[in-house]
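Below you'll find the structure, written out as structure tokens, and then a few comments.
The values are calculated or read from the model by the stated rules, or taken from the named source; none is laboratory data. Everything quoted here is computed from the prediction, not taken from an experiment. Note: ideal-geometry Cβ built from the backbone for every residue, glycine included; neighbour counts use all protein chains shown.
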Amino acid sequence: LWQEAMTASPEKLRPALQFARSVPPEEALAKLKTYEHLGGAEAQYHTELGRIAMQQRDAVKALQAFGQALALDPEKASHYYNRGAALLALGQREAAGADFQRALAIDPKHGPAKSAVTRLQAK
């Protein structure tokens, strides 16, 4: 379905992002690279690159991608949460905790950030 949507609308980013979520990481990255001209200035594009990097257990690349998403859209709680998850994967607990708290400051009901803070406090 998403492959057809990409073919029908090659200048739209959304079908490529959806397609990337439905295929293995390597295939997703290859497809997203062809959309860099559309996605480079879009937070969602960088978020997807970060998600894929986390799947591949490459927290350094994920941190870079999530940081770029945050720079493009600093008012979205999920961007802080995602960056915090990458920081936590790199063993940077304090920095991760700060990002989870920033996510909660923006959206006090952000479930993943709440859970992450609770887990950090329990350890």
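Put simply, of 96, 41 the only residue that is surrounded by 22 or more Cβ atoms within 10 Å (Cβ to Cβ) and among the aliphatic types (A, V, I, L, M) is 96.
Reported count of residues in region 6-31, each being touching a Phe, Trp or Tyr at 6+ places or on another chain (Cβ under 8 Å), at pLDDT below 90 and aliphatic (A, V, I, L, M), is 3. For region 47-123, no helices (runs of 4 or more DSSP H) sit wholly inside it while including 2 or more residues that are closer than 25 Å to residue 25 by Cβ and among the β-branched types (Val, Ile, Thr).
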